[in-house]
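The values are calculated or read from the model by the stated rules, or taken from the named source; none is laboratory data. Quick caveat, the model's predicted, so the values are computed rather than measured. Every residue, glycine as well, gets a Cβ built from its backbone with ideal geometry; the counts of neighbours run over all protein chains shown.
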């Protein structure tokens, strides 16, 4: 994206607006912009706490240092989107469709990805404690250096997912993680959680 992009204040937008090739700034707290579509845009430090963006469409978008805690992306469609250094605690993305999406150094604790369709994504150095992937479809996705403590994967459909340097303590629905690739550093921690899910304890005492 070029440095001479036009600047748009998020507070000046209304539901259903389509914005192309712009830098989006500003603040919208507890508001609603349903049906918003952004293409070729960059969001720098935008504050959207508690706002609703049902039907959101993002394509070729970078979000850097944004505040997205408690935001709702119901039925959103994301393609080639990167979230970088964003605070996204309690994010709700029910029925999300996301492809070629990156989450890098984001805070996603208690995020809701229920029934989401995620393909070719990566989560890198993210806080995903208690994130909910119940009944989600997660394909060709990597979790690298993340904290998945207490995350839920019950009834998830998982394919070609890679775990590396990721904390999996108290992972829910671990039995649904059938088609995954473990980095060598991940084998022991994953195995212990898997055994614990069946009530099996490893005891080296005499």
For the structure I just gave you, tell me whether residue 40 is touching a residue at least 24 places away in the same chain (Cβ under 8 Å) and either within 19 Å of the chain's Cα centre (by Cα) or on the phi > 0 side of the Ramachandran plot (or both). yes
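To keep it simple, each residue is scored yes or no on (1) buried (at least 18 other Cβ atoms within 10 Å of the Cβ); (2) assigned to a loop (DSSP other than H, G, I, E, B).
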position	(1), (2)
83	yes, no
95	no, yes
100	no, no
115	no, yes
118	yes, no
123	yes, no
135	no, yes
138	yes, no
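For every residue, the table says whether it meets (1) assigned to a loop (DSSP other than H, G, I, E, B); (2) in contact with a helix residue (DSSP H, G or I) (Cβ under 8 Å, 6 or more places away or on another chain).
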| position | (1), (2) |
| --- | --- |
| 103 | no, no |
| 149 | yes, no |
| 187 | no, no |
| 193 | no, yes |
Yes/no for residue 171 being closer than 15 Å to residue 111 by Cα, crowded, with 17+ Cβ neighbours inside 10 Å, touching a helix residue (DSSP H, G or I) at 6+ places or on another chain (Cβ under 7 Å) and at pLDDT below 95: yes
Unique residue being under 18 Å from the mean Cα position of the chain (by Cα), in contact (Cβ under 8 Å) with a residue 12 or more places away in the chain and within 21 Å of residue 142 (Cβ to Cβ) when the list is 56, 62, 48: 62
The stretch 33-64 - residue that is touching a strand residue (DSSP E or B) at 6+ places or on another chain (Cβ under 6 Å) and under 14 Å from residue 92 (Cα atoms) and, of those, surrounded by the most Cβ atoms within 10 Å (Cβ to Cβ): 52
